[in-house]
1. Does segment 62-69 contain at least one residue that is modelled with pLDDT under 95, more than 29 Å from Ile240 (Cβ to Cβ) and touching an Asp or Glu at 6+ places or on another chain (Cβ under 9 Å)?
2. Counting only residues that are free of Cβ contacts under 8 Å to residues at least 60 places away in the same chain and assigned to a loop (DSSP other than H, G, I, E, B), which one in segment 2-44 is nearest to Asn82 (Cα to Cα)?
3. Out of segment 202-221, which residues are under 18 Å from Glu364 (Cβ atoms), out of contact with any Gly (no Cβ under 9 Å at 6 or more places or on another chain) and not hydrophobic (A, V, I, L, M, F, W, C)?
4. What about Arg147, is it among the charged types (D, E, K, R), at pLDDT below 90 and either assigned by TED's automatic domain parsing to the domain that holds Thr191 or crowded, with 21+ Cβ neighbours inside 10 Å (or both)?
5. Among the numbered criteria (1) touching a strand residue (DSSP E or B) at 6+ places or on another chain (Cβ under 9 Å); (2) assigned to a loop (DSSP other than H, G, I, E, B), which single criterion is violated by Phe111?
6. Could you go through segment 132-142 and let me know if any residue there is within 25 Å of Ala56 (Cβ to Cβ) and either aliphatic (A, V, I, L, M) or touching a Phe, Trp or Tyr at 6+ places or on another chain (Cβ under 6 Å) (or both).
Amino acid sequence: MAGIRFENVTKIFHQEETRKSVVAVNNLNLEIPDGRFTVLLGPSGCGKTTTLRLIAGLEIPERGDIYIGDRRVTRTHPKERNIAMVFQDYALYPHMNVYNNLAFGLRNLRFPKREIEERVREVAKMLQIEELLERTPRELSGGQRQRVALGRAIVRHPEVYLMDEPLSNLDAKLRAEVRIELLELQRKLGTTTVYVTHDQVEAMTLGDIIVVMNNGIIQQIGKARDLYERPANIFVARFIGSPPMNLIKATIIRQDGLKVKIDDTLLDIPKEKCENLESYIDKEVILGIRPEDIKDAIILGKDKYIISTVDVIEYLGAEVLVHFHINSDKIVARLDSEVEIGKDRKWRAYFDTKKIQFFDPITENSIA
């Protein structure tokens, strides 16, 4: 096993037709700990797959260095890096049965026949595909193919596993099942794993560490709870969470301490949040609040609330999503399904100020 380190790594793609250059990874500094499950998360084009390919040696950076363990591998050939990749499309050999798909890499590395047999049987038992060894890929379901693709990586005993959206071709139910299996498997093996996805649920379920990227730049690194409760900037606040964090234009004023003004309503700001807001008095800020931190003021018996008109109510069984707006800002509240909205669709929204976040409207960074 080995950790991975990026030092000032930049990767640029040059487009000959348009004569333009695209910076896919921009001065990346990142340390991926040994034995941990690290997820690279972000929208399409953010640089996460390029980062994975740089680790694999499928791309060479313009600048900077990459280390696997203590070895500098910046320009080392992929086959000499002792990594294994699992792809989105499984990449199984259609003319080979499952046994031969699992054994193929070991044969190329000239492993003894007995060791190949032992490793293949061991991995097949671990992944519960022993009864599939004589089948070809076309005789397998999507979940079974994915297990074979994982097995082909595991059987090599590499230092690092690299996974590029390996579950995206599965249906939602099967994806959830395989996700748990994958997490249990990584815990059992203890091998450094780097996993690329645009799906925040996958990232928050799987990742010991999540690296949020956008435009080739790291936006925030942390555990799922850190990213959800303390986003570093507006991009992370919008990207993490479903529905995402509500973002509302507000003003900080001084009146018996600091208060935040939303529309015509003044809300108290908790003392622990006031220190960082002193320089924003009488200035506009962006207030962030998660949907579950907006409650029904009448049910809670609160006397400080914002009167709003409900636009849409989504019934989701155990909960409802209440869509409303304050001025031009669209807002979503997540409430228990027992909450009833009046016929006039007027609703008193209570904001849990202990949970609110503040962002600078110019830099979009958290004021914290």
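The values are calculated or read from the model by the stated rules, or taken from the named source; none is laboratory data. The shown structure was predicted, so the numbers you read here are calculated from the model rather than taken from an experiment. Cβ placement follows ideal geometry from the backbone for every residue including glycine, while neighbour counts extend to all protein chains displayed.
1. There is at least one residue in segment 62-69 that is modelled with pLDDT under 95, more than 29 Å from Ile240 (Cβ to Cβ) and touching an Asp or Glu at 6+ places or on another chain (Cβ under 9 Å).
2. Among those that are free of Cβ contacts under 8 Å to residues at least 60 places away in the same chain and assigned to a loop (DSSP other than H, G, I, E, B), it is Glu16.
3. Gln220
4. In short, yes.
5. If we test Phe111 against (1) touching a strand residue (DSSP E or B) at 6+ places or on another chain (Cβ under 9 Å); (2) assigned to a loop (DSSP other than H, G, I, E, B), just (1) comes out false.
6. Taking every residue of segment 132-142 in turn, none turns out to be within 25 Å of Ala56 (Cβ to Cβ) and either aliphatic (A, V, I, L, M) or touching a Phe, Trp or Tyr at 6+ places or on another chain (Cβ under 6 Å) (or both).
Results for (1) closer than 14 Å to Val86 by Cα; (2) crowded, with 21+ Cβ neighbours inside 10 Å; (3) modelled with pLDDT of 90 or more, shown as yes or no for each residue.
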residue	(1), (2), (3)
Leu127	no, no, no
Thr136	no, no, yes
Glu139	no, no, yes
Asp164	yes, no, yes
Ala172	no, no, no
Tyr195	yes, yes, yes
Asp199	no, no, yes
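Condition check ((1) β-branched (Val, Ile, Thr); (2) loosely packed, with under 12 Cβ neighbours inside 10 Å; (3) over 14 Å from Ile248 (Cα atoms); (4) in the same structural domain as Leu258 (by TED's automatic domain parsing)) across all residues:
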{"position": "Lys273", "(1), (2), (3), (4)": "no, no, yes, yes"}
{"position": "Glu278", "(1), (2), (3), (4)": "no, yes, yes, yes"}
{"position": "Lys302", "(1), (2), (3), (4)": "no, no, yes, yes"}
{"position": "Ile306", "(1), (2), (3), (4)": "yes, no, no, yes"}
{"position": "Glu319", "(1), (2), (3), (4)": "no, no, yes, yes"}
{"position": "Val322", "(1), (2), (3), (4)": "yes, no, yes, yes"}
{"position": "Ser328", "(1), (2), (3), (4)": "no, yes, no, yes"}
{"position": "Ile331", "(1), (2), (3), (4)": "yes, no, no, yes"}
{"position": "Trp347", "(1), (2), (3), (4)": "no, no, yes, yes"}
